[in-house]
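Heads up, the thing below is written out as structure tokens.
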Amino acid sequence: MADRWFPHGPLGSLSIQGCPSAVAGARRRRAAFVAITTNQFKNGNHIEVEGTIFKILEFQHVKPGKGGAFVRTKLRRALDGNVIDRTFRAGEKFRSVHTESRKMQFLYADGSDAHFMDTESFEQIAVAEGTVEGTLRWCKPSSEVEVLFIDEEPADVLLPSAVDLEVTQTDPGMRGDSVNSGGTKPATLETGAVVQVPLFVEEGQRIRVDTRSGDYVARA
């Protein structure tokens, strides 16, 4: 299994206007085949496993007292974001997946797809909204984002670790609320995301939010 190449990629739910045919894409991937072994794993790498592309979130090399060495991994499926645990034999080979990020403008989401535009070529692409709904929580229409392409197909939106957004709705603060008051309340941000904020935060203020955890960081 380790040396097989699977021509059918997992990104069938993603579309790009004017993209080459699936056959042409498969030929490019075959021509650019590069093997990667478990010894070369790095967090953030993308690999193809049994025809499906995954991002390596965590990995651990294990050398038991008996039996062969193996590698425990936590992988995120590029197609839908699901996270799975997989174990591989030490030295097992996989296709190293080509990835690149491109600056694009987030246009809008229509309930099924999220639409982006290349600000230089004005080419527009559509990505299945379910694939990027976690990152769209922090994206405003017309904002510039980094779109991750896997094997030349759009697959994810890359965000900084924290973003500054305006609070559009929250309960008013009470007299005496301060940084040291403790307690939180829900607040709706300009992107529609709802986060927990300290009691002293008010509508119209801008706050910094950790995009990885969704936690309030500070007033911007």
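The values are calculated or read from the model by the stated rules, or taken from the named source; none is laboratory data. Keep in mind the model is a prediction, meaning the values are calculated, not measured. Note that we place each Cβ from the backbone using ideal geometry, even for glycine, and neighbour counts take in every protein chain shown. Surface areas here come from the heavy atoms of the whole protein model, side chains and all, with no ligands, DNA or RNA. Shrake-Rupley method; radii C 1.70, N 1.55, O 1.52, S 1.80 Å.
Assorted remarks:
- Pair list, Cβ < 8 Å and 6+ apart or interchain, from the stretch 98-115 residues that are among the small types (G, A, S) to residues that are open to solvent by 60 Å² or more (accessible area, probe 1.4 Å): S101/L158; A114/Y108
- For the stretch 77-89, filtered to residues that are of a type in the set (A, V, I, L, M, F, W, C) and in contact with a strand residue (DSSP E or B) (Cβ under 6 Å, 6 or more places away or on another chain), the residue that is nearest to A114 (Cα to Cα) is A78.
- Residues of the stretch 42-75 that are part of a loop (DSSP other than H, G, I, E, B) and under 16 Å from the mean Cα position of the chain (by Cα): N43, G44, N45.
- Residue, least open to solvent (accessible area, probe 1.4 Å), within the stretch 59-104, restricted to residues that are over 30 Å from I125 (Cα atoms) and among the acidic types (D, E): E92
- Scanning the stretch 98-108 for any residue that is at pLDDT 90 or above, under 30 Å from Q40 (Cα atoms) and not small (G, A, S) turns up at least one such residue.
- Residues of the stretch 136-151 satisfying the condition of being of a type outside the set (G, A, S) and more than 10 Å from T99 (Cβ to Cβ): L136, R137, W138, C139, K140, P141, E144, V145, E146, V147
- Of the strands (runs of 3 or more DSSP E) lying entirely inside the stretch 116-220, the ones with 3 or more residues being open to solvent by less than 50 Å² (accessible area, probe 1.4 Å) and at negative phi are found at 124-128, 144-150, 153-158, 162-170, 184-189, 194-198, 206-210.
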